[in-house]
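Visitor: Let me begin by handing over the structure; questions about it come next.
The values are calculated or read from the model by the stated rules, or taken from the named source; none is laboratory data. What you see is a predicted model; the values in this text were computed from it and never measured. Cβ atoms come from the backbone with ideal geometry, glycine included; neighbour counts cover every protein chain shown.
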């Protein structure tokens, strides 16, 4: 029966995707920590809101959602804490600042940073960093059909307004288990698993790799390049979106002001061939100036999903549909050149 | 934590309103009983589908929904069983056959019938009729803000397609308790309670007492009157909708065939005054024949909701909004005369 | 601007999937025809409601939905009428009676029947059968990404409660056109088209070819076989679901009563090899009797979707994802044997 | 028919509330103006996201929604432009900065500011400020059941995740008209109108006047008081939320940092009597210091809705339900004292 849950003390938070999310008292010190609260001001989808105006939801609401789904799959406190904190290491604009730092020659990844700040986040908690990072059930969060993905697919589509991504996560979480650090899925949820990967793939085309978003992302890379003349990378990654935007404004960053006022470059060339694209870029950059042309990429992003069925076979072995995604994705890979509109 | 629920064996049923509904093994003999399965073929809203084509959902799905909400409020097996069976006594077309029998001079109510058939329904169950009908927590189902109402408001609006009735039932059920056979509500859910009663009231106007539905209902009363020349009331109430429609067709019931082919009477007169309406009816019936005119009523249906707040006051004392419904409803009461269109 | 639409006279019908559906006066004689009204009592998904209790929506609501989507794509009156009538030729339980008649040696298809009854349906209309059946824009309804499919995917998932099928049909219909009797799609909606075919495929596994539904379908084939001793096929196809169920009951059809009371056979064998399955069936039928075993099939149902992109290539050429469905589907093809549970 | 709309050129924007929003080319210069784009960074609900983490949607998406609903009610270009610009005069955090300036002795209202900046917004448009501000159909936007309200009720509940506010706006807009500068409503939509006002009232209690939000608002008033030592009011109102938060941080505003880190005051006293509350406040402020206590108000906010039915009566005359809101609201009026938690 469900009756037992009423005896745990805690807090209810309203979420448009999941209804009520219950956080037990013992996790509240983590939730209330400034490092987690900072995620309220970190956009989940960075610049996607340029194309989808309502897709300005935060990593904070996503973290709550990941926690909620995980709480239907396990009662391991370490894993539940991990669900809450797993994105705390992100820089401003989430993956985008990570990408832009890397393109500008700096190495940064949010998982390493999480390890660094986790002791501070847990300071008022009963849990140790090891109990959180190494909890045996963490694949329920991070796995190919883990709660991280189950939440973001639904959440991103809810806020963007794209009719994809309403995954039956309740059915999924009660049909997976963890064995040897990997997720095992029952055969009966095969259609649901296919649904996950296909939804993710379609959201890739429609949202994450939307042409206009890709252009804005490359403009952001340039914006950050100029910002790095004023700020150190280790200070940038601590910022929230608000602080980063302010830094751009304060340093009169032309690239950022173009992004903000939607003076976006126009795509003039695309090709699957890098050399071809680079040549075209150099030609146009030579003609119009370095600051008036960008070279970007719609990467092939699909990776083998690492989902194992209960009979030991991988999802690709069982589903030609999922297996096809690799080739479909590879064909959509392209490089592009975009230039400032006159 | 929520983990415990996974150790109970049972069955999951997909429901568009609530997602997955879990029925534990010990209640399956009740669910599978022909008297409960019969509810699959009893329309929740009788003839409302004439106006709202998709509102042909069944009492069976409603019963599952009531069970589901109740399972979030209590683990009392008696009350959970009561949630499943509470509507099993209904005749075909739910309340409408009850109303039509009464108008034709026969007394029938589904609660008395439930008492009669309950021993049979429970025959393969561990529960006795008394444990089900007298379970102390049953007000969680039947109360003014009980699960019966919480489900039907959402369900009826979901299938009719009316944008009213998405009640936050999860928040409500964890803020009510049973004391002395009555529901007690915490003050903090006052807006949610107001929402329930107002939604119900608005659905009354838009759906349950829609003008066209009222006319069809009165035509059904006449259809049943003729049917009673061939069938006994005690046999009619055992039928499901399919059997009743077949009985109408077999006896070449003209009233029913008019309903089925949407040859509905047109409303030509309405008044809050019964005498006035009756006079007009007699005039028109005299002129066109008894079979070409009907006299009906949009009843004042709002009853004091019997919800008590934790401080002992009734909801009407606390909320002028809820209190206003009585007067609003009274003003909408009217009698009408409708005649066959030429 | 949208203003113009307000000057057309007509009727609004509330639909939970599409909101308000507007039917102009000139199409009302078609909508009100008994052949179309009959579809209110023909289940869109036949016996799927055994597994998904709310999936008892009607072909009537689907027909309205197809009309609604079509009205966003064209103003051709012939095609709009076609959208309304396109399913009028269906027998009771839609495709299932067609399948069951075929399995019992009778040929029936709803498209041929539509041609036969169409003159009658159009009798009070300004349109001729030819103007309806041969309207140049009809591929907007029937095409691989036509309004028929766009509606049923969304509608079936809405009523079953399966989180698949919320297609962005508004975006799709304004990016397709008809050329030489075929639909042409703009390249920019490629992810939306992939979404359609994958949703359909996933609904196939979860709903249309659900194991329990397949078993019930084969039991229905047997039920119909016995019914054909009492009724002629040409009379059966005219029935609505209510009349057919009544015919089963009147003839004390054991197969039907088992379906109705959920005494469903259990699957004991499945194989991709027909001979193997047939042997097993014969063995079991020999042992337990012909009436206690059935042989059925989860067919490979995926057909090339016949969608052409604006550059002349087919969708399979452009999308490995869509192309993979053929092989994925083929692998799920199996034959099964099910027997009566003791 | 709907066909005509396809010949207008323009742009489609995806919105989770309304699906696709079409902006015709002639309005794009207005949409793209920096004053309108600035609304992307102005939160519709200011600090409500403290309680409802996903309620951080922008005035920009609301403006698009108001435009979309208006476009279903009229084709008047002036009114459509008005729908897009009607909120452009808002300061950061929308109504909250207006309230906080007023409480600190400065007069500011967004409508006056709109008049001032409108010529600039329209500079690349064919419309004059007069044609926009004085368009005869503007009551379709601003009226008691105008598109402004129809959008925000739905939008605020969508993002907060509160199950109230799904208004049938499509049905409403085709049953209202403008006469002598006022909205006239057909009697048949009375239940829909009641639904609007009750939804709004319930959202008031649950969201706009949530206790925690009221406390945060008063803390914001204090934060702004200190900020006014550094910035001029006329500069503050030009900021977007990002700039204002940065100004708070730069001046090391203690009140703001408490809001941001959720160190919110706790409510220790509430009373309908102002004098009583003021006395208690002074007592506590004397004891703990001015900076450790705040005096706030849950205002009576319900105003007569100014909706006229087609027979000339007001909505309050027709609906005791709507009329009751005034008294219900008046009873919920209170003053409160909150103090810094230790």
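Visitor: Output the residue which, of all residues in region C:1-18 that are modelled with pLDDT of 65 or more and part of a loop (DSSP other than H, G, I, E, B), is nearest to residue D:166 (Cα to Cα). I'd like the intermediate steps shown before the answer.
Guide: Residues of region C:1-18 that are modelled with pLDDT of 65 or more, as a first pass: C:8-18.
Okay, now just the ones that are also part of a loop (DSSP other than H, G, I, E, B), so C:8-9, C:16-18.
Values: C:8: 27, C:9: 27, C:16: 13, C:17: 14, C:18: 14 Å.
In this case the residue turns out to be C:16.
Visitor: Next question, about the same structure. Sort through B:260, B:290, B:279 and tell me the only one that's crowded, with 20+ Cβ neighbours inside 10 Å, away from chain D (no Cβ under 14 Å) and free of Cβ contacts under 8 Å to residues at least 40 places away in the same chain.
Guide: On the way: B:290 fails: crowded, with 20+ Cβ neighbours inside 10 Å; B:279 fails: crowded, with 20+ Cβ neighbours inside 10 Å.
None of the others qualify; the one that does is B:260.
Visitor: Same structure, new question: Kindly list the number of the only condition in (1) surrounded by 17 or more Cβ atoms within 10 Å (Cβ to Cβ); (2) modelled with pLDDT of 95 or more; (3) in a helix (DSSP H, G or I) that fails for residue C:239.
Guide: (3)
Visitor: Looking for whichever is in contact with a helix residue (DSSP H, G or I) (Cβ under 6 Å, 6 or more places away or on another chain), more than 14 Å from chain A (Cβ to nearest Cβ) and modelled with pLDDT of 95 or more here; the options are B:21, B:50. Which one fits?
Guide: Just a single option satisfies the conditions, and that option is B:50.
Visitor: Of the conditions (1) within 14 Å of chain B (Cβ to nearest Cβ); (2) surrounded by fewer than 24 Cβ atoms within 10 Å (Cβ to Cβ), residue A:70 satisfies every one except a single condition; which number is it?
Guide: (2)
Visitor: Is it the case that residue D:12 is surrounded by fewer than 20 Cβ atoms within 10 Å (Cβ to Cβ) and touching a residue at least 24 places away in the same chain (Cβ under 8 Å)? Steps first, please.
Guide: Numbers: surrounded by fewer than 20 Cβ atoms within 10 Å (Cβ to Cβ): yes; touching a residue at least 24 places away in the same chain (Cβ under 8 Å): no.
Criteria not met by residue D:12.
Visitor: Taking the criterion of being over 27 Å from residue C:146 (Cα atoms) and under 20 Å from the mean Cα position of the chain (by Cα), would at least one residue in region C:202-211 satisfy it?
Guide: Applying the first criterion (over 27 Å from residue C:146 (Cα atoms)) to region C:202-211 yields C:211.
In the following step, the residues that additionally are under 20 Å from the mean Cα position of the chain (by Cα) were identified as C:211.
Among the residues of region C:202-211, at least one is over 27 Å from residue C:146 (Cα atoms) and under 20 Å from the mean Cα position of the chain (by Cα), which makes the answer yes.
Visitor: Looking at region B:112-222, what helices (runs of 4 or more DSSP H) fall wholly within it and have at least 3 residues that are touching a strand residue (DSSP E or B) at 6+ places or on another chain (Cβ under 9 Å), at pLDDT below 90 and within 11 Å of another protein chain (Cβ to nearest Cβ)?
Guide: Details: elements: B:129-133, B:139-142, B:147-160, B:169-173, B:190-203.
Answer list for region B:112-222: none.
Visitor: Take residue A:75 and tell me if it is more than 11 Å from every other protein chain (Cβ to nearest Cβ), closer than 24 Å to residue A:150 by Cβ and surrounded by fewer than 23 Cβ atoms within 10 Å (Cβ to Cβ). Full working, then the answer.
Guide: On the way: more than 11 Å from every other protein chain (Cβ to nearest Cβ): no; closer than 24 Å to residue A:150 by Cβ: yes; surrounded by fewer than 23 Cβ atoms within 10 Å (Cβ to Cβ): yes.
Criteria not met by residue A:75.
Visitor: Still on this model: Before we move on, is residue D:321 in a helix (DSSP H, G or I) and out of contact with any strand residue (DSSP E or B) (no Cβ under 6 Å at 6 or more places or on another chain)? Don't jump to the end; show me each part of the working.
Guide: Values: in a helix (DSSP H, G or I): yes; out of contact with any strand residue (DSSP E or B) (no Cβ under 6 Å at 6 or more places or on another chain): yes.
Taking the combined requirement at face value, the residue satisfies it.
Visitor: So is residue D:24 in contact (Cβ under 8 Å) with a residue 12 or more places away in the chain and within 23 Å of residue D:135 (Cα to Cα) or not? Steps first, please.
Guide: Details: in contact (Cβ under 8 Å) with a residue 12 or more places away in the chain: yes; within 23 Å of residue D:135 (Cα to Cα): yes.
When the stated conditions are applied, residue D:24 passes them.
Visitor: Here's a follow-up. Pull up region D:276-300, narrow it to residues that are touching a strand residue (DSSP E or B) at 6+ places or on another chain (Cβ under 7 Å) and assigned to a helix (DSSP H, G or I), then point me to the one that is nearest to residue D:340 (Cα to Cα).
Guide: The initial filter retains those residues of region D:276-300 that are touching a strand residue (DSSP E or B) at 6+ places or on another chain (Cβ under 7 Å), namely D:277-278, D:280-281, D:284-285, D:288, D:292-298.
Still in the running and assigned to a helix (DSSP H, G or I): D:277-278, D:280-281, D:284-285, D:288, D:292.
Numbers: D:277: 17, D:278: 17, D:280: 15, D:281: 12, D:284: 11, D:285: 11, D:288: 9, D:292: 5 Å.
Going through the qualifying residues, I end up with D:292.
Visitor: Looking at region D:24-47, which of the residues that are assigned to a loop (DSSP other than H, G, I, E, B) and surrounded by fewer than 24 Cβ atoms within 10 Å (Cβ to Cβ) is nearest to the other protein chains (Cβ to nearest Cβ)? Spell out how you get there, then give the answer.
Guide: In the first step, residues of region D:24-47 are kept if they are assigned to a loop (DSSP other than H, G, I, E, B); the result is D:32-33, D:42, D:44-45.
Keeping just the survivors that are surrounded by fewer than 24 Cβ atoms within 10 Å (Cβ to Cβ) gives D:32-33.
Details: D:32: 6, D:33: 9 Å.
The residue in question is D:32.
Visitor: Of all the residues that make up region C:301-316, how many are within 29 Å of residue C:99 (Cα to Cα) and assigned to a loop (DSSP other than H, G, I, E, B)?
Guide: Of the residues in that region, 7 qualify.
Visitor: May I ask you to say which residue of A:262, A:331 is under 30 Å from residue A:185 (Cβ atoms) and either at pLDDT below 95 or not in a helix (DSSP H, G or I) (or both)? Spell out how you get there, then give the answer.
Guide: Working: A:262 fails: under 30 Å from residue A:185 (Cβ atoms).
Residue meeting the stated conditions: A:331.
Visitor: Could I ask something else about it? Could you go through region B:314-333 and let me know if any residue there is within 29 Å of residue C:40 (Cβ to Cβ), surrounded by 14 or more Cβ atoms within 10 Å (Cβ to Cβ) and more than 11 Å from every other protein chain (Cβ to nearest Cβ).
Guide: no
Visitor: On the basis of being in contact with a helix residue (DSSP H, G or I) (Cβ under 9 Å, 6 or more places away or on another chain), exposed (fewer than 14 other Cβ atoms within 10 Å of the Cβ) and under 27 Å from residue B:205 (Cα atoms), does residue B:296 make the cut? Please lay out each step first, then the result.
Guide: Working: in contact with a helix residue (DSSP H, G or I) (Cβ under 9 Å, 6 or more places away or on another chain): yes; exposed (fewer than 14 other Cβ atoms within 10 Å of the Cβ): no; under 27 Å from residue B:205 (Cα atoms): yes.
The answer is no for residue B:296.
Visitor: Continuing with the same structure: In region D:214-261, what residues are within 23 Å of the chain's Cα centre (by Cα) and closer than 19 Å to residue D:52 by Cβ?
Guide: D:214, D:215, D:216, D:217, D:218, D:219, D:220, D:241, D:245, D:259, D:260 - these are the residues of region D:214-261 that are within 23 Å of the chain's Cα centre (by Cα) and closer than 19 Å to residue D:52 by Cβ.
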